[in-house]
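The values are calculated or read from the model by the stated rules, or taken from the named source; none is laboratory data. All values reported here derive from a predicted model rather than from experimental measurement. Backbone-built Cβ (ideal geometry, glycine too); neighbour counts: all protein chains shown.
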Amino acid sequence: MIYELGVIQEFAAAHKLNNYEGNCRNIHGHTWKVEIVVEGEKLDENGMLIDFRELKKIAACLIAEKYDHRFLNEIAPFDKINPTAENIAHQIYIDVKKKLPDGIKLKSVKVWESSNAYALYKEGER
């Protein structure tokens with residue numbers, strides 16, 4: 001059996017896309033929504049895969065504290081690469097994966113730039 005659960009963390013931040021010919025080349029902001037989905041096979045003695053509080057704490061620490069009310073182009077690695085939703089999802093995936101306890105696998109990170117546009121990053125099969 002595989003158990004799956006997720007949390008959502010929001011942050012407000014500005015960015016601009018370099019070498020881009022559309023309006024997004026200008027500084028603009030979003031209220032970003034990040035969905036983190038984890039999975040695993042074993043529940044703890046309380047019947048939990050991971051406590052939602054623990055997963056929310058990881059998300060808040062790695063996302064809100066790092067990106068909220070910031071200009072993303074000034075934060076590594078986005079000072080070198082474009083802070084696209086795709087690149088943000090990938091970076092958050094890398095950061096969250098390092099913080100998860102043993103037995104918990106990070107399935108995906110989805111970054112919503114608006115209510116109708118998102119990028120998803122996951123590792124594994126295509």
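State which residue pairs qualify: first residue under 21 Å from ASP51 (Cα atoms) and inside segment 13-41, second residue acidic (Asp, Glu) and surrounded by fewer than 16 Cβ atoms within 10 Å (Cβ to Cβ) in any location, beta carbons under 8 Å apart, and separation of 6 or more residues or different chains.
LYS33/GLU10; VAL34/GLU10; VAL37/GLU4; VAL38/GLU4; GLU39/GLU4
Per-residue answers, yes or no, for (1) surrounded by fewer than 20 Cβ atoms within 10 Å (Cβ to Cβ); (2) in contact with a Ser or Thr (Cβ under 7 Å, 6 or more places away or on another chain); (3) β-branched (Val, Ile, Thr):
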{"position": "TYR20", "(1), (2), (3)": "yes, no, no"}
{"position": "ILE36", "(1), (2), (3)": "no, no, yes"}
{"position": "GLY47", "(1), (2), (3)": "yes, no, no"}
{"position": "GLU54", "(1), (2), (3)": "yes, no, no"}
{"position": "ILE58", "(1), (2), (3)": "no, no, yes"}
{"position": "PRO77", "(1), (2), (3)": "yes, no, no"}
{"position": "THR84", "(1), (2), (3)": "yes, no, yes"}
{"position": "LYS99", "(1), (2), (3)": "yes, no, no"}
{"position": "ASP102", "(1), (2), (3)": "yes, no, no"}
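Would you be able to say whether some residue in segment 50-73 is of a type in the set (Gly, Ala, Ser) and over 12 Å from GLN9 (Cβ atoms)?
No: segment 50-73 contains no residue that is of a type in the set (Gly, Ala, Ser) and over 12 Å from GLN9 (Cβ atoms).
One line per residue, one yes/no per condition, for (1) at pLDDT 95 or above; (2) surrounded by 12 or more Cβ atoms within 10 Å (Cβ to Cβ); (3) of a type in the set (Val, Ile, Thr):
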residue	(1), (2), (3)
ALA14	yes, yes, no
ILE50	yes, yes, yes
GLU74	yes, no, no
ILE81	yes, yes, yes
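Considering (1) free of Cβ contacts under 8 Å to residues at least 24 places away in the same chain; (2) under 29 Å from MET1 (Cβ atoms), say which one ILE81 fails and leave the rest.
All conditions pass for ILE81, except number (2).
Hey, could you check segment 106-126 for residues that are of a type in the set (A, V, I, L, M) and either over 18 Å from PRO83 (Cα atoms) or crowded, with 18+ Cβ neighbours inside 10 Å (or both) and say which is farthest from the chain's Cα centre (by Cα)? Step through it out loud before you land on a result.
From segment 106-126, those of a type in the set (A, V, I, L, M) are 106, 109, 111, 117, 119-120; that's our starting set.
Next cut, either over 18 Å from PRO83 (Cα atoms) or crowded, with 18+ Cβ neighbours inside 10 Å (or both) only: 106, 109, 111.
Working: LEU106: 11, VAL109: 5, VAL111: 6 Å.
Here the residue is LEU106.
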